[in-house]
Amino acid sequence: MSRGDELAANLAAVRARIAAACVGAGRDPADVRLVAVTKTFPAADVRRLAGLGVTDVGENRDAEAAGKVAALGDLPLRWHFVGQLQTNKAASVAGYAYWVHSVDRPRLVDALAVGAARAGRRVGCLLQVSLDGAPGRGGVAPAALAELAAAVAVRAELRLAGVMALAPLGADPDAAFARLATLAAALRQAYPDATAVSAGMSSDLEAAIRHGATHVRVGTALLGGRRGLVR
Ligand SMILES: *Cc1c(COP(=O)(O)O)cnc(C)c1O
């Protein structure tokens, strides 16, 4: 099977999973957007996915993302930054990201705003919430979410788009995503435009869709296993 055929089959399977999960949850599949997480895979794969109708692409390292953005500038793609983001890379990311899903501290907000202003862009921000307080995977504590939201909301260069979370390792994803849904609802009360809920990956997208995910971030199920660095 050619790589193109393989990606087409994987994409069809992922879209079928999303559709089935939406049916199960009584939701409209049009309300769940697929972000194809292409980290570690070549720009050629992103081009193939774009040819198959993928519009939203996720990356988690600035250097890799910037290279793909440059190589694929002819395609109408939205680039999502989904990984932990160092403050000193924020200005670069603000130059190409449609959304940053991993906004989790005020200093990063400041750096993104400066970078967005410099690039003459407005960058969407999802506040990444740590649902278990475990260090190392990023995310703001739920208790600090409102303060972080306010820091984004006052920045004209940024747009507060919603929340993002990873299910805690080894935990029940339904419980985690239910908690995220509660936090997302509270945020929407204060910021009605912050409607996005980025949750669910290859292994748990059904649970995320049950609990209101609007964006699922899928890598492995689309592209296959990642070699080398596990990240
Ligand atoms: C890699 C990654 C994904 C995709 O994970 P898969 O299990 O390969 O689908 C989603 N979200 C983030 C933040 C990631 O780093």
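Among the residues examined, R17 does not qualify as closer than 29 Å to S130 by Cβ, away from the ligand (no atom under 16 Å from the Cβ) and either surrounded by fewer than 22 Cβ atoms within 10 Å (Cβ to Cβ) or among the polar types (S, T, N, Q) (or both). Anything in segment 76-88 that is over 14 Å from L127 (Cα atoms) and touching a strand residue (DSSP E or B) at 6+ places or on another chain (Cβ under 9 Å)? List them, or say none. L77, R78, W79 - these are the residues of segment 76-88 that are over 14 Å from L127 (Cα atoms) and touching a strand residue (DSSP E or B) at 6+ places or on another chain (Cβ under 9 Å).
Pairs linking a residue in segment 182-193 that is farther than 13 Å from A150 by Cα to a residue that is surrounded by 13 or more Cβ atoms within 10 Å (Cβ to Cβ) and of a type in the set (V, I, T), with Cβ atoms under 8 Å and 6 or more positions apart or on different chains, are L183/V129; L183/V163; A184/V163; A184/V197.
In summary, helices (runs of 4 or more DSSP H) completely within segment 60-140 and bearing 3 or more residues that are touching an Asp or Glu at 6+ places or on another chain (Cβ under 6 Å) occur at 106-119. Filtered by the rule that a residue be surrounded by fewer than 16 Cβ atoms within 10 Å (Cβ to Cβ) and either hydroxyl-bearing (S, T, Y) or under 13 Å from H215 (Cα atoms) (or both), segment 30-58 gives A30, D31, T55. Starting from segment 163-177, keep only residues that are within 13 Å of G136 (Cα to Cα), then list their pairs with residues that are more than 12 Å from the ligand (Cβ to nearest atom) and not acidic (D, E) whose Cβ atoms are within a distance under 8 Å, requiring at least 6 positions of separation or different chains. Qualifying pairs under 8 Å: L166/L131; P168/L131; P168/A134; P168/A176; L169/A134.
Before we move on, is L222 part of a helix (DSSP H, G or I), within 13 Å of the ligand (Cβ to nearest atom) and modelled with pLDDT of 95 or more? Against the criterion (part of a helix (DSSP H, G or I), within 13 Å of the ligand (Cβ to nearest atom) and modelled with pLDDT of 95 or more), L222 qualifies. Residues being touching a His at 6+ places or on another chain (Cβ under 8 Å), within 26 Å of A16 (Cβ to Cβ) and within 16 Å of the ligand (Cβ to nearest atom) are entirely absent from segment 127-145. Taking the criterion of being among the aliphatic types (A, V, I, L, M), under 18 Å from the mean Cα position of the chain (by Cα) and not in a loop (DSSP other than H, G, I, E, B), the residues of segment 186-219 that qualify are L187, A196, V197, L205, A207, A208, I209, V216, V218. Somewhere in segment 1-12, is a residue among the hydrophobic types (A, V, I, L, M, F, W, C), outside any helix (DSSP H, G or I) and within 21 Å of L166 (Cα to Cα)? No, that holds for no residue. If A213 satisfies all but one of (1) modelled with pLDDT of 95 or more; (2) of a type outside the set (D, E); (3) more than 21 Å from D28 (Cβ to Cβ); (4) crowded, with 16+ Cβ neighbours inside 10 Å, what's the number of the condition it fails? So the condition that A213 fails would be (3). Scanning segment 133-186 for residues that are farther than 18 Å from Q84 by Cβ and among the β-branched types (V, I, T) yields V154, T182. Which of the residues that make up segment 200-215 are within 18 Å of L169 (Cβ to Cβ) and either within 8 Å of the ligand (Cβ to nearest atom) or in contact with a strand residue (DSSP E or B) (Cβ under 7 Å, 6 or more places away or on another chain) (or both)? Listed by number, the residues that qualify are G200, M201, S202, S203, L205, A208.
The values are calculated or read from the model by the stated rules, or taken from the named source; none is laboratory data. Keep in mind it's a predicted model, so treat the numbers as computed, not measured. Because the Cβ atoms are built from the backbone with ideal geometry, glycine has one as well, and the counts that use them run over all protein chains shown.
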